[in-house]
Amino acid sequence: MDTKYLYINTIGCQMNHYDSDQIAAVLRPLEYQMTPLMEMADLIIVNTCAIREKAEQKVFSFLGRLADIKRSKPDLLIGVGGCVAQQEGAGIMERMGHVDLVFGTSAISRLPRLIEQIESERCQVIDVDMSEGIDEFDFVGNESDNGEVTRFVTIMQGCDNFCSYCVVPYVRGRETSRESGKIINEIRTLVKAGVREVTLLGQNVNSYGKKEGLLTFSRLLELVNEVDGLLRIKFTTSHPKDLSKDLMFAFKDLEKLCKHIHLPVQSGSNRVLEMMNRKYTRELYLEKVKKLRTICPEIAITSDIIVGFPGETKHDFEQTLELIKEVRFDGLFAFKYSDRPNVTATRLPEKISEQEKRERLKEVLDLQDYYTTQANEALVGSEEKILVEGYSKKQKVVDLHGGRQNFQWTGRTSTNKIVNFVQGDGGISGDEIMAGRLVSIRIMKAFSHSLWGEPVKATNIPLGLRGEKTHVA
Ligand code: 5AD
Ligand code: SF4
């Protein structure tokens, strides 16, 4: 069989990036090989996001561009997967007649069959069936084949929370957890291939296993912590209402668990939180933050904020600003509210004008910039363990030691802050491969979104060197 080329455009969250890896893995037996060049592709898949209006617009403008390409290359197959596919179904083909396949968020395991059908019958196919629940298939194809240090691992799908602005429960279905054995096996496979850090993914990881009577999330973390060769564990996302004491203690007790939590608050006003159906108050959120910081003082906390929710008054918005000042987040993602299909907030009156939303967004981001910079500056002079992820994007070849070339590398602290440094400083010789290693770095400079440091002499034993089989399960 001839090799065919697959190009995937992933729009949206980490969950979609994980799904794209799975799509590539299930299509490998059909001789589809990934290409980074869209012009080379025989099959283009767009993995779509419906969370905000802007992401959905991006999907349709990309699909529009593909119409021209398909006119000059009629054999090209075009597939649309993910949340917009789930939401719109046949509507996508009505709008975009050049699309061959629409497949929903639960159809990845059925993809080979769907593609084979299109290849042989040259027909249009739609599969947005969600009745089989979690899209569990054999993850054997999920080994890291491109030398990545860090990978995502889905531990649960869907969501039962029905926040009034959110489309996720409609496009990802009911909350379903994967069995811990499958999760651990997948992580072991990744580690064997050189992965050193995993991020466990779920819409609300704190309720992992509750419905199915499986392990608790904290117990799952303990099991992941025992995987030999793995250096770091991260997870996202946590719902404040379900953040348990056990999990707070896990940050203190599990040495591989990174000291960072993404804890979306969405608003600082109890009135708005109620309208959002978030099921916690501002006071409860602040109390949980306080407890967390008492148990683990180094923890970095980031959050999401929605500005301009229908009916959000100036006073409500002020309360969000006050909460940001009180918590002093390490980082923040802020979004202008947008109406989404099916969700109840779309039917609420008192919509806030675009202009007002824009101004509120700017105010939140400006305020947060101050705290992000402060959190970064507080690290100047300290020594941090960095997991090196690879060459820095802003690669400059720096000649530090008598003509030897040294490279700029990038990695993260346990608190998820980006640190760049130059190899060759601090006793690491210029020709060592740094990716996948934990190195000690003295932080020298703070910028708004990254740090600059120098390796600390003598402390940089080659921990977790890539390919070091003795560390690997
Ligand atoms: N409008 C704006 N932001 C939204 N989010 C989710 N739904 C919407 C919406 N309709 C934001 C929330 C969530 C993040 C992933 O996206 O802040 O935490
Ligand atoms: Fe959406 Fe709320 Fe579920 Fe998060 S918890 S995915 S915001 S419904």
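Roughly how many debye, to the nearest 20, is the charge dipole of the range 253-367 about its Cα centre, given +1 on each Lys and Arg Cβ, -1 on each Asp and Glu Cβ, and no other charges? Before the final figure, lay out the partial values.
On the way: 21 positive and 20 negative charges, 47 e Å.
Magnitude of the dipole: close to 220 debye.
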Item to complete: Note down the magnitude of the dipole of the chain about its Cα centre, charges +1 on Lys and Arg C-beta and -1 on Asp and Glu C-beta and zero elsewhere, to the nearest 20 debye.
Response: 1000
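How much length is gained if the chain between Glu383 and Gln117 is pulled fully straight, taking 0.36 nm per residue apart and subtracting their Cα-Cα distance, in nm to one decimal? Intermediate values should be presented prior to the final figure.
Working: separation 266, 0.36 × 266 = 95.76 nm, distance 5.68 nm.
Extra length available between Glu383 and Gln117 comes to 90.1 nm.
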Worksheet item: Picking from Val439, Val167, Val102, whose Cα lies most toward the positive end of the charge dipole for the chain (charges on Cβ: Lys, Arg +1; Asp, Glu -1)?
Response: Val439
Worksheet, complete the sentence: With every protein chain in place, the accessible area of Glu116 for a 1.4 Å probe, in Å² rounded to the nearest 10, comes to 100
Discussion item. With a cut-off of 8 Å between alpha carbons and a minimum separation of six or more residues, what is the relative contact order of the range 87-238 in percent?
Written reply: 21
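Can you give the extra length, in nm with one decimal, that the chain gains between Lys393 and Leu223 once fully stretched, where that is 0.36 nm per residue apart less the Cα-Cα distance?
Details: separation 170, 0.36 × 170 = 61.20 nm, distance 3.40 nm.
Fully extending the segment from Lys393 to Leu223 adds 57.8 nm.
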Worksheet item: GluC sites (Glu not before Pro), restricted to the range 2-75: which are DSSP loop and have at most 16 other Cβ atoms within 10 Å?
Response: Glu31
Worksheet item: Looking at the chain, which Cys residues are left with no other cysteine's beta carbon under 4.7 Å from theirs?
Response: Cys13, Cys49, Cys83, Cys123, Cys159, Cys258, Cys296
Discussion item. Can you show me the helix-derived [θ] at 222 nm for the chain, built from DSSP H runs with n ≥ 4 at -39,500 (n - 2.57) apiece and divided by the number of residues, rounded to the nearest 500.
Written reply: -10000 deg cm²/dmol
Practice prompt. Report the calculated FRET efficiency for Phe60 and Thr373 (r = Cβ-Cβ distance, R0 = 30 Å), to the nearest 0.05.
Written response: 0.25
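Set the bar at 24 Å for Cα to Cα. Now go through Lys288/Lys357; Lys210/Lys234; Lys54/Lys417 and name every pair that lies beyond it. Let's see the in-between values first.
Working: Lys288/Lys357 29 Å; Lys210/Lys234 20 Å; Lys54/Lys417 27 Å.
Over 24 Å Cα-Cα: Lys288/Lys357; Lys54/Lys417.
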Worksheet item: Where in the range 219-242 does the label zone of Gln14 land, with the point 7 angstrom along Cα→C-beta and an amide N cut-off under 13 Å?
Response: 232-239
Worksheet item: What figure in square angstrom, to the nearest 10, would you give for the accessible area of Arg340 with a 1.4 Å probe?
Response: 10
Item to complete: Report the FRET efficiency, 1/(1 + (r/R0)^6), for Asn416 and Asp304, where r is their Cβ-Cβ distance and R0 is 22 Å, rounded to 0.05.
Response: 0.90
Worksheet entry | Arg271-Lys314 pseudo-label distance in nm [points 7 Å out on the Cα-to-Cβ vector] | 1.3
Fill in: Mean Cα-pair separation over length for the range 252-393, i.e. relative contact order, pairs under 8 Å, 6 or more apart, %
24
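What's the Cα-based Rg to Rh of the chain, Rh via Kirkwood? All intermediate terms of the calculation are to be shown ahead of the outcome.
On the way: Rg = 23.2 Å, Rh = 24.0 Å.
Over the Cα atoms of the chain, Rg/Rh equals 0.97.
Would you please classify the overall shape of the range 19-60 from the alpha carbon gyration tensor, given that a ≥ b ≥ c denote the square roots of the eigenvalues, rounded means a/c under 1.5, and beyond that prolate means a/b larger than b/c while oblate covers the rest? Please report the intermediate quantities before stating the final value.
Working: a/c = 3.66, a/b = 1.83, b/c = 2.01.
Oblate, since a/c reaches 1.5 and b/c is not below a/b.
Filter the trypsin sites (Lys or Arg not before Pro) in the range 206-264 down to the DSSP loop ones having no more than 14 other Cβ atoms within 10 Å, then list what survives.
Details: sites: Lys210, Lys211, Arg219, Arg232, Lys234, Lys241, Lys245, Lys252, Lys256, Lys259; in loops: Lys210, Lys211, Lys256, Lys259.
When the trypsin sites (Lys or Arg not before Pro) of the range 206-264 are filtered for loop state and at most 14 Cβ neighbours within 10 Å, Lys211 remain.
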Fill in: Label-reachable residues, the range 170-199, where backbone N falls under 20 Å from a point 7 Å from Glu212's Cα toward its Cβ
170-190, 198-199
Response to the item:
Projected onto the charge dipole of the range 208-293 (unit charges on the beta-carbon of Lys, Arg, Asp and Glu, signs +1, +1, -1, -1), the Cα from Met275, Leu247, Gly213 with the largest positive-side position is that of Met275
Fill in: Prolate/oblate/rounded call for the range 84-125, Cα gyration tensor, a/c under 1.5 rounded
oblate
Item to complete: Please list the radius of gyration and Dmax for the range 212-290, considering alpha-carbon atoms only, with Å as the unit.
Response: 14.6, 47
Worksheet item: Tell me, what is the percent relative contact order of the chain, built from C-alpha pairs under 8 Å that lie six or more residues apart?
Response: 10
Fill in: Label-to-label distance, nm, for residues given as Asp68 and Ser109 (7 Å Cα→Cβ offset)
4.1
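Hey, any idea what % of the range 2-52's accessible area is carbon plus sulfur with a 1.4 Å probe? Don't skip to the answer; put the middle values down first.
Working: 1030 of 2030 Å².
That share works out to 51 percent.
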Worksheet item: At a probe radius of 1.4 Å, what is the per-residue accessible area of Lys182, in Å² to the nearest 10?
Response: 90
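The values are calculated or read from the model by the stated rules, or taken from the named source; none is laboratory data. Every value quoted in this text rests on a predicted model; they were computed, and no experiment measured them. Using ideal geometry, Cβ is built from the backbone for each residue, glycine included, and neighbour counts are taken over all protein chains shown. These area figures cover heavy atoms from the full protein model, side chains too; ligands, DNA and RNA do not enter into them. Shrake-Rupley method; radii C 1.70, N 1.55, O 1.52, S 1.80 Å.
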